[in-house]
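Below is one structure, written out as structure tokens, with a few remarks after it.
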């Protein structure tokens, strides 16, 4: 039986769920006592978030609230790449948080090297912003998935398109 099995490794964020988490965060900010009368704002853009507040405490509190909402909605928190806090207009501070979608070339090479170090009979192929793993046996592919879940690559990994 020379049939090939395969699956894809991706790093994706469901933007609808992200939008829901941001909206829940906005609602909680308006209701919290420590944010009463302050200029705290969170805005979702296509691939980033803009957090604006009067001080570091409020920006970090907004991030903590957002992370909690993301966890409840099964959105990977590792997809957030926080930037530096910068001064903005009107005595406020701003932070840009990038939302990572896709696997970068460097991370793809790191994951590929890790899979090769497992010494299994599988092949990996880098395909733009995802990886494809192929092999003859389903068990070896499932072992690759298990080992990748155990290792931390500083990005969220999902496994899709399992074909046998």
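Per-structure values
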quantity	calculated
Pair residue 27, residue 128: separation of 7 Å Cα→Cβ label points (nm)	3.5
Evaluated at q = 0.21, 0.23 Å⁻¹: base-10 log I(q)/I(0), Debye formula over Cα of region 1-76	-0.92, -1.06
Cα-projected label distance for residue 16 with residue 163, points at 7 Å along beta-carbon direction, nm	2.5
Extension reserve of the residue 106-residue 86 stretch, reckoned as 0.36 nm per residue once the Cα distance is removed	4.4 nm
Virtual paramagnetic centre 7 Å along Cα→Cβ of residue 73, amide N under 15 Å, in region 15-33	15-29
Global size of region 108-153 as Cα Rg and Dmax, reported in angstrom	9.9, 26
Angle between the chain longest axis and helix 138-150 axis [Cα atoms, degrees, rounded to 10]	30
Sites residue 64 and residue 154 - FRET efficiency at Förster radius 25 Å, r taken between beta-carbons, to 0.05	0.80
Angle between the chain longest axis and helix 105-117 axis [Cα atoms, degrees, rounded to 10]	40
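Every number in this text was worked out from the coordinates using simple rules, so none of it is lab data. Keep in mind that this is a model prediction, so the values were computed, not measured. Counting neighbours? That spans all protein chains shown, and the Cβs are built from the backbone with ideal geometry, glycine included.
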